Amino acid sequence: MKNNKIKIGIAGLGTVGSGVINLLNNNKDEILKRTGCEFLVQCVSARNKDKARSCDINNINFYTDPVDMLENEKIDIFVELIGGNDIAKNVVMRAIEKKFHIVTANKALIALHGTKINQLSLEKNCSVLYEASVAGAVPIIKVIKESLSANKIQWIAGIINGTTNYILTEMLLSGKNFNDVLDEAKELGYAESDPTFDIGGIDAAHKLTILASICFGIPLNYDSVYVEGIEDIDLQDLNNAMELGYTIKHLAIARKSKYGIELRVHPCLVPNSRLLANVNGVKNAVVVNSDAAGPTLYYGAGAGSLATASSVVSDIIDIGRNLSINSKKSTPFLGYMNNMVAEQEILKISNIESRYYLRIKVTNKPGVLADITKIFGKKTISIESILQKEENEKDVNVPIVLVTHKIKEQNLIEALLEIENLEVVKDKIIRIRIEELDS
Ligand code: NDP
Ligand code: HSE
């Protein structure tokens, strides 16, 4: 068997970087049997040389500056696992200038700078692979770009942030409070270095930007995604949803219709009968609905050291296999011929139609519900069901939970503005979309 030696440089030795080094070591023999290649980590970069690491970096050249590493080392593949988008972008562009192939797990980098990175990589004839950037261990990028390449994709919906799914699951099942569970997710290495990216939905929006481009052949455009996080979700909403037969999940949805493409990331009530409602903890799952294959489902660990390393190393292996046969990359960066990637109409969130869960805090007085339903009536919003906890005491604040029929979001926005101005309505109204995921 031919034994090719592929030289690797890795920038970032945190949760994912250390996982990559451990996985390449642990499964060296298996990888050699599968690929005929020996993958050697020649150099690494991290901020602090003296920090205790959960991987063995003895005998590997260490740099505190990743650019220094690129200038001084001759490698085949540069693996970017620093995160963020400033330093990471400069380092990756420099690595491509040096004609190194790129593997990254950085969704912010691809979503925000992927177009420029791709342009330079075409000039320099380098591969840029990013399987780990969406859904951790779940090989969703390759599936869409390669395995489903004969299909027109109609919609994709998924749980693609492990931290928020871990928080929602733990709050419901263990009754723990939001901040305690977030601390656990940080401890477990799931959260971004700035966890507001997770809980604010930004991380999921970076990932949806990537998914939408590879599903529909549109340019990467983070700004076109509508984003809501889970900051306003309360234990009472999780419990109310259960009582109604739903589970609250933070979903990313891209759907193509004759009017345009919906791109949105927000919490949703998902019927308990759907598989996505039963995806718990740090697990991610993505449903892809396409014309020939129909619905297909992909499930697995959305974050974590070895789980994410599995996807990073699979990209390293893909490049290594190509290098060992002197082959050029064949799958385009976004899975569409570069000159075929084109803008399509993106729908405003106010134009989507949905059913809604609403929690309205009101003063317990006769006639309150009538005042609210009158405003809904004016906006042609009809109520499907009402959940009201018994409260005998007058003039105390109580929550009313309403479920609407399918309505246009713009009508709901207008109605809620009016309702929030009623004297008996206390606090902002909690509004969560209901996704049936059935068509
Ligand atoms: P960590 O914060 O655990 O690690 C970041 C690493 O980068 C650290 O080793 C740090 O050095 C190094 N670093 C930071 N700034 C610099 C710099 N200026 N120069 C050189 N090195 C630097 O991040 P993760 O491993 O969690 O994430 C890495 C990437 O993978 C991110 O893009 C993330 O979004 C993505 N990702 C993460 C997943 C996860 O489960 N954690 C899953 C999927 C993707 P030092 O150790 O010395 O501080
Ligand atoms: N912070 C991310 C998450 C890491 O929780 O899903 C994986 O991309």
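The values are calculated or read from the model by the stated rules, or taken from the named source; none is laboratory data. Quick caveat, the model's predicted, so the values are computed rather than measured. Please note: Cβ atoms are built from the backbone with ideal geometry, for glycine as well, and neighbour counts cover all protein chains shown. Ligands, DNA and RNA are excluded from the accessible area calculation, which covers all protein heavy atoms including side chains. Shrake-Rupley method; radii C 1.70, N 1.55, O 1.52, S 1.80 Å.
Data table
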quantity: Unmet requirement for ALA303, which otherwise passes all of (1) under 20 Å from LEU182 (Cα atoms); (2) open to solvent by 10 Å² or more (accessible area, probe 1.4 Å); (3) not in a loop (DSSP other than H, G, I, E, B); calculated: (3)
quantity: Filter result for ASN72 (open to solvent by 70 Å² or more (accessible area, probe 1.4 Å), modelled with pLDDT of 95 or more, polar (S, T, N, Q) and more than 16 Å from ligand 2 (Cβ to nearest atom)); calculated: yes
quantity: Residues of the range 299-358 that turn out to be within 16 Å of ligand 2 (Cβ to nearest atom) and among the hydroxyl-bearing types (Ser, Thr, Tyr), as a count; calculated: 6
quantity: Residue, nearest to VAL20 (Cα to Cα), within the range 68-90, restricted to residues that are assigned to a loop (DSSP other than H, G, I, E, B), of a type in the set (A, V, I, L, M) and within 9 Å of ligand 1 (Cβ to nearest atom); calculated: LEU81
quantity: Filtered residues of the range 79-99 (kept if touching a Cys at 6+ places or on another chain (Cβ under 7 Å) and surrounded by fewer than 15 Cβ atoms within 10 Å (Cβ to Cβ)); calculated: LYS99
quantity: Looking only at the range 180-200, and only at residues there that are closer than 17 Å to LYS283 by Cβ and not charged (D, E, K, R), the one that is surrounded by the most Cβ atoms within 10 Å (Cβ to Cβ); calculated: TYR190
quantity: Flag for ALA342 being outside any helix (DSSP H, G or I) and within 16 Å of ligand 1 (Cβ to nearest atom); calculated: no
quantity: Those residues of the range 85-102 which are within 15 Å of ligand 2 (Cβ to nearest atom) and modelled with pLDDT of 95 or more, in sequence order; calculated: ALA88
quantity: Residue that is nearest to SER193 (Cα to Cα), among those in the range 4-22 that are more than 16 Å from ligand 2 (Cβ to nearest atom) and aliphatic (A, V, I, L, M); calculated: LEU13
quantity: Some residue of the range 240-263 being among the polar types (S, T, N, Q) and within 16 Å of ligand 2 (Cβ to nearest atom); calculated: no
quantity: Which numbered condition ILE407 fails, given (1) exposed (fewer than 12 other Cβ atoms within 10 Å of the Cβ); (2) more than 20 Å from MET242 (Cβ to Cβ); (3) touching a residue at least 40 places away in the same chain (Cβ under 8 Å); calculated: (1)
quantity: Number of the exception - ASN240 against (1) open to solvent by 20 Å² or more (accessible area, probe 1.4 Å); (2) in a helix (DSSP H, G or I); calculated: (1)
quantity: Lone qualifier among ILE381, ILE400 - being crowded, with 17+ Cβ neighbours inside 10 Å and not in a loop (DSSP other than H, G, I, E, B); calculated: ILE400
quantity: Every residue from the range 28-62 that is touching a residue at least 60 places away in the same chain (Cβ under 8 Å) and away from ligand 1 (no atom under 16 Å from the Cβ); calculated: ILE31, ARG34, THR35, GLY36, CYS37, PHE39
quantity: Of all residues in the range 114-138 being outside any helix (DSSP H, G or I) and within 13 Å of ligand 1 (Cβ to nearest atom), the one that is most open to solvent (accessible area, probe 1.4 Å); calculated: ALA137
quantity: Tally, over the range 103-113, of residues that are surrounded by fewer than 24 Cβ atoms within 10 Å (Cβ to Cβ) and over 15 Å from the mean Cα position of the chain (by Cα); calculated: 1
quantity: Qualifying residue in the range 350-360 (condition: free of Cβ contacts under 8 Å to residues at least 40 places away in the same chain and buried (at least 17 other Cβ atoms within 10 Å of the Cβ)); calculated: no
quantity: Cβ pairs under 8 Å, 6+ apart, first in the range 118-147 and on the phi > 0 side of the Ramachandran plot, second among the polar types (S, T, N, Q) and within 16 Å of ligand 1 (Cβ to nearest atom); calculated: ALA135/ASN284; GLY136/ASN284; GLY136/THR308; GLY136/SER311
